[in-house]
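The values are calculated or read from the model by the stated rules, or taken from the named source; none is laboratory data. These numbers come from a predicted model, not from an experiment. FYI the Cβ positions are ideal-geometry reconstructions off the backbone, even for glycines, and counts take in every protein chain you see. Remember, those area values only see protein heavy atoms, side chains included, never the ligands or the DNA or RNA. Shrake-Rupley method; radii C 1.70, N 1.55, O 1.52, S 1.80 Å.
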Amino acid sequence: MKLWKEALVVGLLALVVSCGDSSSKKLPIMGRQEFKEVNGKIDTIYHTIPNFQFVDQDSAIVNEKTFEDKIYVADFFFGTCPTICPVMKQQMLRIYDRFKDNPDFAILSHTIDPEHDTVAYLKDYSEKIGVMDNKVWHFVTGNKDEIYEMGSAAGYMVPVGEDGAAPGGFIHSGAFILVDKDRRIRGYYDGTKKLEVDALMSDIPKLLAEYE
């Protein structure tokens, strides 16, 4: 409980800073910063996504190496979600359809209900919504505590967890999180709102261009 509350605070602060100024030439780097003196100069050390290992809809191991030399969009969901998840997945499909042929781009969707959302379930779920290429969009499951840790202040800085009072029994952010090739968070976007997803789709080419 404490972890997702901390993540909510950090994530909301990041969202306020971000909300992607789409007119900016370079996207901001989100999250905590540390400052370290190196050879008499101050270097800025940015928050990065920690190492992880999950299993996707094709029973393949998915970890940080899966996303080497790629930017990606991450989110959290669960298959029986009665509220925002269906909207989020329809919006993520727009991103998938736009960028699925770009070898430098990927999507990572974490289930927060691994007991229900098995590998077989995620395979069926992904195909039903129209995702046939697991090399681009990975629906992952794994150890519940490790998934929740990824949502915490140590990871993507968004709230995820169990909540008996919430519809479906879980709480999670509706954010789409843009991550660069250096595993730094470069933007948060409301995955339930078309205009914010439009902004994300405008920002993806900008981020890709930083690595050209």
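Here are some notes:
- When Ile71, Ile45, Ile84, Ile29 are screened for being modelled with pLDDT of 80 or more, under 27 Å from Ala166 (Cβ atoms) and not small (Gly, Ala, Ser), only Ile84 passes.
- Residue identified as surrounded by 17 or more Cβ atoms within 10 Å (Cβ to Cβ), at pLDDT 95 or above and either of a type in the set (Lys, Arg) or within 21 Å of His110 (Cβ to Cβ) (or both) among Phe170, Phe176: Phe176
- Residue in the stretch 4-20 that is closer than 18 Å to Glu149 by Cβ, touching a strand residue (DSSP E or B) at 6+ places or on another chain (Cβ under 9 Å) and modelled with pLDDT of 75 or more present: no
- A single entry from Asp69, Asp75, Asp104, Asp117 fulfils the requirement of being touching a residue at least 60 places away in the same chain (Cβ under 8 Å), charged (D, E, K, R) and open to solvent by less than 20 Å² (accessible area, probe 1.4 Å): Asp75.
- Scoring Gln53 on the criteria (1) open to solvent by 70 Å² or more (accessible area, probe 1.4 Å); (2) of a type in the set (S, T, N, Q); (3) modelled with pLDDT under 95 leaves a single failure, condition (3).
- Residue check for Ile147: modelled with pLDDT of 95 or more and either part of a helix (DSSP H, G or I) or more than 23 Å from Thr66 (Cβ to Cβ) (or both): yes
- From the options Asp97, Asp133, residue that is at pLDDT 95 or above and among the charged types (D, E, K, R): Asp97
- A residue that is touching an Asp or Glu at 6+ places or on another chain (Cβ under 7 Å) and over 18 Å from Arg186 (Cβ atoms) occurs nowhere in the stretch 40-48.
- Of all residues in the stretch 26-78, those being more than 28 Å from Lys206 (Cβ to Cβ) and of a type in the set (S, T, N, Q) number 4.
- Complete set of residues in the stretch 91-101 that are open to solvent by 40 Å² or more (accessible area, probe 1.4 Å) and not acidic (Asp, Glu): Arg94, Arg98, Lys100
- Among residues of the stretch 123-142 being more than 15 Å from Val55 (Cα to Cα) and of a type in the set (Val, Ile, Thr), the one that is most open to solvent (accessible area, probe 1.4 Å) is Ile129.
- Selection within the stretch 187-203 - crowded, with 21+ Cβ neighbours inside 10 Å and out of contact with any strand residue (DSSP E or B) (no Cβ under 7 Å at 6 or more places or on another chain): none
- Qualifying strands (runs of 3 or more DSSP E) (wholly inside the stretch 43-136; at least 1 residues being small (Gly, Ala, Ser)): 71-77, 105-111
- First in the stretch 33-52 and over 22 Å from Gly142 (Cβ atoms), second anywhere and of a type in the set (Asp, Glu) and outside any strand (DSSP E or B), Cβ under 9 Å, 6 or more apart: Tyr46/Asp182
- Among the residues of this structure, Arg184 does not count as one that is out of contact with any strand residue (DSSP E or B) (no Cβ under 7 Å at 6 or more places or on another chain), among the basic types (Lys, Arg), over 21 Å from Ile61 (Cα atoms) and surrounded by fewer than 22 Cβ atoms within 10 Å (Cβ to Cβ).
- Across the stretch 143-167, the number of residues qualifying as surrounded by fewer than 15 Cβ atoms within 10 Å (Cβ to Cβ) and among the polar types (S, T, N, Q) comes to 1.
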